[in-house]
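Below you'll find the structure, written out as structure tokens, and then a few comments.
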Amino acid sequence: MFHLRDKKLANDIIAKIKQMDVHLKFMHVCGTHQDTLVKNGLDTLFQSCGITIGQGPGCPVCVTTPQEIEEMLLLARKGKMVTTFGDMIRVPGESASLQHMHAEGYDIRTVYSIDDAVTLARIHKEKEVVFVAVGFETTAPTTASVLLKHPPANFSILSCHRVIPPALQAILEMGEIKLDGFIEPGHVSTIIGMAPYEFLSTTYKMPQVIAGFEPLDLLMAVWMLVRQIYNKQAKVENEYLRAVHSEGNVKAQRAMKTVFDCVDVKWRGFPTIPKSGLELKKDFTSYNARDKFEDELKPLWDQDFSEPKGCRCGEVLRGLISSQECPLFGTACQPSHPIGPCMVSIEGSCNIEYRYTWK
Amino acid sequence: MCRLLFCPVCLAIPGKIVNIDASKEYATVDYGEGTQRKANISLVEAIVGDYVLVHAGFAIQILDEKEAQETLELFREMLRAGEGS
């Protein structure tokens with residue numbers, strides 16, 4: 001029921017788009033959208049219709065900054081149990097990755113859910129357990145939900161959570177790339193609904209469509225964007241009606257608002273983006289690893305950590321170049337030995353490009 | 001390949017709630033092909049039989065079964081309505 005397939009309908013949508021004879025550039029911000037586009041050959045199909053679609057800063061692991069990576073590594077070196085999602089442990093820092101540190105005997109655990117990290121804290125009462133909380137609005141409510149239920153005192157989080165709409169605004173404000181529309185991330189939108197995107201249409205005249213993840217969802221979303229442009233409209237439309245309600249998930253929004261403040265943070269490849277990060281409110285300071293271990297982490301906060309030498313992930317994340325334009329792609333940088341985070345994460349555009357197209 | 005076990009940062013997968021435990025906080029979710037796994041349902045108001053989107057071990061939204069069944073027809077109607085555009 002949730003796997004939509006209809007060849008005739010797909011061909012009808014493609015024919016409609018081709019009829020319109022356009023030359024447009026869209027951006028999406030979701031690794032799962034990129035996966036659907038490349039795996040199904042939709043990226044080349046759209047190019048044949050005059051439409052280029054690039055992945056912007058839509059991979060939470062990829063936009064995590066070198067400084068945040070160093071924070072994780074330092075906490076592990078100081079004897080904490082560091083828990084996080086699978087891809088995060090492979091992102092290289094200046095000297096190592098969490099995976100390298102695990103091989104050296106430091107206590108790094110991969111978890112499926114923040115719930116698993118709390119269970120580890122309950123089992124290992126003698127240890128400080130830090131959960132590296134990565135993810136956009138889809139993931140942040142899961143962190144909030146757990147903190148609202150008073151996890152054990154030896155549990156804390158290193159918040160690397162970020163929110164999407166300010167990053168989209170940053171892309172437009174920076175003006176490095178001319179875009180004709182945004183394909184908005186379906187799962188982020190299940191939480192935030194439609195309203196947080198509206199200012200991008202009113203202020204910047206951007207057509208936007210919230211899209212699901214089946215090939216037909218993306219075909220339809222692109223046709224809806226093209227139709228808006230053809231009709232000289234700029235509004236937020238929702239293609240992913242089976243999952244996204246216009247108001248979003250209000251319960252999840254409430255949990256996020258109770259636990260987090262929006263703060264200014266850097267994203268990899270970007271300068272500081274105002275109000276784009278989520279940090280714990282003062283009431284939750286005992287669960288904030290940056291407060292709890294301030295003395296240990298503080299020396300890192302004044303330092304500048306550079307991107308890996310030759311790595312162009314920043315430009316990939318800003319939509320300025322394709323993965324294959326990076327000279328390291330497929331040579332020095334491969335999924336088995338990634339240089340930058342876009343090659344690490346299965347949601348990173350370089351990883352996706354390599355898996356499906358690189359011969 | 002079961003993508004449930006890969007990086008769950010953006011990914012969400014639909015499944016059907018087959019059981020809710022006594023605490024009302026956790027449910028058993030059936031993803032088909034014999035895969036069942038526990039999910040935290042504290043962010044949604046779900047009941048047994050609901051389809052939910054599960055992300056990082058949490059149900060983040062209830063899927064609209066009727067809307068899903070009607071999606072393809074809706075797309076066809078939208079294409080027809082946009083005939084002149």
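At pLDDT 95 or above and away from chain B (no Cβ under 14 Å) - does that describe any residue in region A:83-96?
no
Collect the residues in region A:72-96 that are among the hydroxyl-bearing types (Ser, Thr, Tyr) and surrounded by fewer than 21 Cβ atoms within 10 Å (Cβ to Cβ), keeping them in residue-number order.
Correct list: A:95 only.
Residues checked against (1) exposed (fewer than 15 other Cβ atoms within 10 Å of the Cβ); (2) more than 8 Å from chain A (Cβ to nearest Cβ):
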| position | (1), (2) |
| --- | --- |
| B:11 | no, no |
| B:14 | no, no |
| B:33 | yes, yes |
| B:45 | yes, no |
| B:58 | no, no |
| B:62 | no, yes |
| B:68 | no, no |
| B:77 | yes, yes |
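Just checking, which of A:201, A:286 is under 30 Å from residue A:152 (Cα atoms) and of a type in the set (S, T, N, Q)?
None of the other options fit; the residue is A:286.
Please return the ranges of helices (runs of 4 or more DSSP H) entirely within region A:255-359 where 3 or more residues are away from chain B (no Cβ under 14 Å) and of a type outside the set (Asp, Glu).
Qualifying helices (runs of 4 or more DSSP H): A:289-292, A:294-301, A:313-317, A:349-357.
Quick one: residue A:119 ticks every box in (1) within 14 Å of another protein chain (Cβ to nearest Cβ); (2) in contact (Cβ under 8 Å) with a residue 12 or more places away in the chain bar one, so which box is it?
For residue A:119, the failing item is (2).
So which residues in region A:205-254 are aliphatic (A, V, I, L, M), surrounded by fewer than 24 Cβ atoms within 10 Å (Cβ to Cβ), part of a loop (DSSP other than H, G, I, E, B) and within 13 Å of chain B (Cβ to nearest Cβ), if there are any at all?
Answer for region A:205-254, where residues must be aliphatic (A, V, I, L, M), surrounded by fewer than 24 Cβ atoms within 10 Å (Cβ to Cβ), part of a loop (DSSP other than H, G, I, E, B) and within 13 Å of chain B (Cβ to nearest Cβ): just A:241.
The values are calculated or read from the model by the stated rules, or taken from the named source; none is laboratory data. What you are looking at is a predicted structure, and each value in this text was computed from that prediction instead of being measured. Note that each Cβ is placed from the backbone with ideal geometry, even for glycine, and that neighbours are counted across all protein chains shown.
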